[in-house]
Amino acid sequence: MKAALALAVAAAACTAPAAQHDVPGAALVPYRDARPIGAPCSYDVALGGDASPDLVYTFAYDDAGDVVHVDGVYVKRGGADDTIDYSYDNLGHLVHRIETRAPGDLRVEETFDYDTLGELVGYKWSQTAATWSNAWTETYADFDDGGNPASGAGTSAYSGGSSPFSDAFTYDASARVLRDVQTSGQVTYTTTYEYDDATSTLVTDTNAGAFHSLYAYDASGALLSYANTGTDPNEIDQTATWTYLGGEVATAVFASGTAQAPHALATTEVDTYHYDCAASATASRLVAGPPRRSARSSRAGPPAR
């Protein structure tokens with residue numbers, strides 16, 4: 001399952017943008033999914049090209065319209081469900097997300113820390129299974145007048161070791177990330193972000209093509225597709241496309257290569273969203289912008305199932 005609902009946006013990464021653009025600014029936190037979401041009551045997940053759903057997610061919202069709980073039921077396999085819980089502060093910022101995926105007994109957890117001005121000053125992500133674990137912790141500093149950090153420092157931990165790293169961010173006149181220079185030990189990862197509002201696209205590139213992504217949007221700024229590719233030997237190609245109906249996400253189709261054939265794309269997941277429920281919330285904070293790639297990952301989120 002693709003990041004099984006890393007729906008909760010990294011929208012909290014910065015303060016609101018200075019102006020409206022077709023192409024949203026990239027998030028600062030690296031372990032985010034780019035999948036857009038409105039306020040569905042459920043969506044069906046068909047895995048590996050199946051014609052019928054393997055998994056059905058249902059959502060519960062609070063009075064503010066924020067998702068607070070998600071259940072994922074394996075309708076064919078049966079057994080334990082997936083669960084996701086979200087917590088918010090009194091200003092509506094997402095502060096905690098914890099996800100348990102039944103297959104593999106996998107646990108994914110995120111924590112967001114804010115200062116009194118509402119600026120994101122710290123981020124923690126962890127992924128733990130029975131025999132391995134990964135974690136990412138970063139603290140942001142040197143904020144400009146718009147609430148955008150110029151630097152970040154943290155630790156990437158994984159089974160058997162850990163590495164410190166640092167980030168240096170630069171922005172365009174509209175407070176969108178333009179460049180992230182990340183140093184980890186003796187290795188430097190330079191990621192550039194090229195926003196083209198005329199064509200409603202964003203191109204991100206790390207280390208001159210090692211990891212390369214293209215995001216396409218419609219005129220309203222809704223994400224239509226993305227494609228990840230690159231020359232790094234650890235890179236695995238991925239694509240996703242979305243359709244909309246009445247301004248809401250209707251379907252999403254994901255494809256990916258494999259470790260053995262990283263550039264041979266095959267459909268891994270088809271999502272169908274349902275809105276025929278009593279909930280009328282907008283859940284605007286759940287609409288995700290493009291994530292930032294990390295030095296420790298060839299993709300911008302937890303591994304697929």
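The values are calculated or read from the model by the stated rules, or taken from the named source; none is laboratory data. Treat the numbers as computed from the prediction; the structure is a model and nothing was measured. Ideal geometry is used to build each Cβ from the backbone, glycine not excepted, and the neighbour counts take in all protein chains shown. Note: accessible area is taken over every heavy atom of the protein model, side chains too, but ligands, DNA and RNA are not part of it. Shrake-Rupley method; radii C 1.70, N 1.55, O 1.52, S 1.80 Å.
The table below lists the values:
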quantity	calculated
Verdict on Ser298 being within 21 Å of Pro30 (Cβ to Cβ), among the hydroxyl-bearing types (Ser, Thr, Tyr), at pLDDT below 50 and touching a strand residue (DSSP E or B) at 6+ places or on another chain (Cβ under 8 Å)	yes
Subset of the range 6-59 (residues that are modelled with pLDDT under 65, among the hydrophobic types (A, V, I, L, M, F, W, C) and open to solvent by 20 Å² or more (accessible area, probe 1.4 Å))	Ala11, Cys14, Ala16, Ala18, Ala19
Near pairs, Cβ below 8 angstrom, 6+ apart or cross-chain, from the range 185-203 (over 21 Å from Leu28 (Cβ atoms) and of a type in the set (Lys, Arg)) to any residue that is in a strand (DSSP E or B) and open to solvent by 40 Å² or more (accessible area, probe 1.4 Å)	none
For Thr183: the one exception among (1) surrounded by fewer than 16 Cβ atoms within 10 Å (Cβ to Cβ); (2) over 21 Å from the mean Cα position of the chain (by Cα)	(1)
The range 145-170 residues that are of a type in the set (A, V, I, L, M, F, W, C), paired with ones that are open to solvent by 30 Å² or more (accessible area, probe 1.4 Å) and part of a loop (DSSP other than H, G, I, E, B) (beta carbon under 9 Å, 6 or more apart)	Ala150/Asp144; Phe165/Gly185; Phe165/Arg296
Positions within the range 221-269 being touching a residue at least 60 places away in the same chain (Cβ under 8 Å) and over 22 Å from Thr192 (Cβ atoms), in sequence order	Ala222, Trp242, Gly247, Glu248, Val249, Ala252, Phe254, Ala266, Thr267, Thr268, Glu269
Residue tally, condition surrounded by 18 or more Cβ atoms within 10 Å (Cβ to Cβ) and hydrophobic (A, V, I, L, M, F, W, C), over the range 189-215	3
Selection status of Ser163, part of a strand (DSSP E or B), in contact with a Gly (Cβ under 8 Å, 6 or more places away or on another chain) and of a type in the set (Gly, Ala, Ser)	yes
Tabulated pairs, the range 92-113, first on the phi < 0 side of the Ramachandran plot, second among the acidic types (Asp, Glu) and surrounded by fewer than 17 Cβ atoms within 10 Å (Cβ to Cβ), C-beta under 6 angstrom, 6+ apart or interchain	Val95/Asp89; Ile98/Asp85; Ile98/Glu109
Output for the range 80-118, where each listed residue is open to solvent by less than 60 Å² (accessible area, probe 1.4 Å) and aliphatic (A, V, I, L, M)	Ile84, Leu94, Val95, Ile98, Ala102, Leu106, Val108
Qualifying residue in the range 69-76 (condition: open to solvent by less than 10 Å² (accessible area, probe 1.4 Å) and not in a strand (DSSP E or B))	no
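Residue-wise test of (1) closer than 14 Å to Gln182 by Cα; (2) open to solvent by less than 20 Å² (accessible area, probe 1.4 Å); (3) charged (D, E, K, R); (4) out of contact with any Pro (no Cβ under 6 Å at 6 or more places or on another chain).
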site	(1), (2), (3), (4)
Trp125	no, yes, no, yes
Thr128	no, no, no, yes
Ser133	no, no, no, yes
Asp144	no, no, yes, yes
Ser151	yes, no, no, yes
Gly154	yes, yes, no, yes
Ala157	no, no, no, yes
Ser166	yes, no, no, yes
